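To start, the structure under review is shown below, and the notes come after it.
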Amino acid sequence: MTDSTPSTPSTTRKSSTTKHVLSLSSGEIQYTAIAEWQPLYEREKAIAELFHVAYLVDPQDSTPRPLTFVFNGGPGAASAYLHMGALGPKRVEFGQEGTLPKPPVKVVDNLESWLSFTDLVFIDPVGTGFSRAVSPEKEEAKADEKTKPEKPEEKETEFWEVERDLKALAEFIQTFLSKQNRWLSPIFIAGESYGGFRVAKLARKLQQDFGVGLSGAILISPVLEFSLLEGTDYNLTSWAAVLPSMAGAAAHHHRAQQAGENLQTHLAAAELFARKTLIPLLALGDTLSDDERQQTYQQCADLIGLPVSLVARQGARIGIDVFARELLRDQQRIVGLYDASITAIDPFPDRPLYEGTDPTLDGLDRLFTGAINSHLRGPLGVETNLPYHLLNFETFKAWKFELKGGLKQGFIGAVDDLRIGMTLNPYMQVYITHGLFDLVTPYFASNHLADLMKLDPEVRPNLTIKHFRGGHMFYTWEASRQQWFAEMSEFYERAIALKTTKRAIN
């Protein structure tokens, strides 16, 4: 639970409340946007100020609307990606298949905004966006930010570890519900990438430790078990988890020998190969005969579009950097790690290792930085000289993954917490989704983990897994965003109706 707090907030930063209208074909949505800093307290003193933007639709009746708390990942990423990419009332305009437009960035009305079915609160964790730590002893002596430049707070690093980060988000949610009198609303949480990891953890923590019941949890391109992110000679499953995404990218670029015209059929073949052929090959090691090994290498090469000689040299352990460099090397192109359907020119084609940047991460910075700064400082009326940290690499590099029990970075997981959260509340609906061409958090890793969760028959129907064409941010694809919007509208309706129906039966 939260520590006791003063009756009046100690933040000196100026909040902004504005009125807006989102025009859709189905009618107008009138909403209020609140952009402000919410303090976190320890021993009745402010220790951090979490910036957030809340979009609250003007009520039509006394029925509480669903309320969704949203955050991104990194760790070290602000919420601008989901805010300005898919869920909020405004979004960045991309090409139809997620291609990057030329400067300047264009911000348009989001016809697929989730405001159609839920109020939204976008949260920036400490060190991201405009959120900052506060040294309690300096609180009373803070100068006006307009006349004093920002200095990094050493206390920010205290929030850059797993448990303290989760506690801060849970405290924020609890305080927001009290401040806005929304405890009776159907409550959802949604997170992308490491934010999906946060959602899985919070599905347990919010309900067990903070008394916040959840109607739904949405995990977007999540990393659920860090052991599946990077393969070694001794960790076999990670190589199988990423292979179907490689196969999908190869089919997209017309490099897969077995793909034909049906992407789903090709993906199904790659999934079956990954489980029933690749893992046994890696597990048998040198005990496998040369003929069997060569046959498997050929199958792998045909599925993922790489030369069989390369697959054999790698022992069928194909890293994502190798795949991204080699798939279209004959065209002097590399594919993106976060969306392998996106290509870019290889600036150093004659060098043995790729030394350029990733077009699907570094290329997005200019778009979302421009969009979020324009939106916050323009229509939403935020007045601050703080820089908006879209992706804080200092946070990423300093993050501590250690938990009680001696777990170390690279081996932490969240599936157990999600399982416990689903059993604590058998009404809670869970939705896991990925982009098919994402090599960083591959969709098949979540499929594989779901098959190992051993969910009770009562709660297994509460878990939905659905994937879309595109990459890590598949919602930058026009068709995928529209399909996802329709899916989520039904998901929310089902989650709320199910809760009501089960209560009526009980």
Residue match in the range 105-119 (condition: within 20 Å of Q180 (Cβ to Cβ), assigned to a strand (DSSP E or B) and in contact (Cβ under 8 Å) with a residue 60 or more places away in the chain):
yes
Residue tally, condition assigned to a helix (DSSP H, G or I) and among the polar types (S, T, N, Q), over the range 164-191
3
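Of all the residues that make up the range 294-309, how many are crowded, with 17+ Cβ neighbours inside 10 Å and free of Cβ contacts under 8 Å to residues at least 60 places away in the same chain?
As a first pass, look at the range 294-309 and keep what is crowded, with 17+ Cβ neighbours inside 10 Å: 296-297, 299-306.
Now restrict to residues that are free of Cβ contacts under 8 Å to residues at least 60 places away in the same chain: 296-297, 299-302, 305-306.
Total meeting the criteria: 8.
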Among the residues of the range 48-73, what is the count of those that are in contact with a Phe, Trp or Tyr (Cβ under 8 Å, 6 or more places away or on another chain) and either at pLDDT below 90 or small (G, A, S) (or both)?
4
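For the range 356-365, check the following and say yes or no: at least one residue is of a type outside the set (V, I, T), part of a strand (DSSP E or B) and outside the structural domain of P186 (by TED's automatic domain parsing).
Restricting attention to the range 356-365, the residues satisfying the condition of being of a type outside the set (V, I, T) are 356, 358-359, 361-365.
Then keep just the ones that are part of a strand (DSSP E or B); that gives none.
The answer is no, given that none of the residues of the range 356-365 is of a type outside the set (V, I, T), part of a strand (DSSP E or B) and outside the structural domain of P186 (by TED's automatic domain parsing).
Looking only at the range 424-437, decide whether some residue is in a loop (DSSP other than H, G, I, E, B), surrounded by 16 or more Cβ atoms within 10 Å (Cβ to Cβ) and in contact with a His (Cβ under 7 Å, 6 or more places away or on another chain).
Quick first cut of the range 424-437, residues in a loop (DSSP other than H, G, I, E, B) only: 425-428, 436-437.
Narrowing the set further to residues that are surrounded by 16 or more Cβ atoms within 10 Å (Cβ to Cβ) leaves 425, 427-428, 436-437.
From the residues that got through so far, the ones that are in contact with a His (Cβ under 7 Å, 6 or more places away or on another chain) too are 436-437.
Yes: one or more hits.
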Going through V415, V382 one at a time, which residue ends up being touching a Leu at 6+ places or on another chain (Cβ under 6 Å), more than 21 Å from H52 (Cα to Cα) and modelled with pLDDT of 90 or more?
V415
Being under 15 Å from F122 (Cα atoms) and more than 24 Å from the chain's Cα centre (by Cα) narrows it down to one residue among V57, V53, V70; which is it?
V57
When the residues of the range 316-342 are filtered to those that are under 22 Å from the mean Cα position of the chain (by Cα) and β-branched (V, I, T), which remaining residue is farthest from A283 (Cα to Cα)?
I342
Of (1) assigned to a loop (DSSP other than H, G, I, E, B); (2) within 18 Å of A217 (Cα to Cα), R494 fails just (1)
Within the range 225-254, residues among the hydroxyl-bearing types (S, T, Y) and farther than 15 Å from L449 by Cα come out as T232, Y234, S245
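Is there a residue being in contact with a helix residue (DSSP H, G or I) (Cβ under 8 Å, 6 or more places away or on another chain), polar (S, T, N, Q) and crowded, with 17+ Cβ neighbours inside 10 Å anywhere in the range 215-222?
From the range 215-222, those in contact with a helix residue (DSSP H, G or I) (Cβ under 8 Å, 6 or more places away or on another chain) are 215-222; that's our starting set.
Now drop any that are not polar (S, T, N, Q), which leaves 215, 221.
Filter once more, keeping what is crowded, with 17+ Cβ neighbours inside 10 Å: 215, 221.
Yes: the range 215-222 contains one or more residues that are in contact with a helix residue (DSSP H, G or I) (Cβ under 8 Å, 6 or more places away or on another chain), polar (S, T, N, Q) and crowded, with 17+ Cβ neighbours inside 10 Å.
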With the first residue restricted to the range 184-210 and required to be under 16 Å from H83 (Cβ atoms) and touching a residue at least 24 places away in the same chain (Cβ under 8 Å), and the second required to be in a helix (DSSP H, G or I) and β-branched (V, I, T), Cβ contacts under 6 Å at 6 or more apart or on different chains are I189/V199; G191/V199
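The values are calculated or read from the model by the stated rules, or taken from the named source; none is laboratory data. Bear in mind the structure is a predicted one, so any value in this text is a computation, not a measurement. Please note: Cβ atoms are built from the backbone with ideal geometry, for glycine as well, and neighbour counts cover all protein chains shown.
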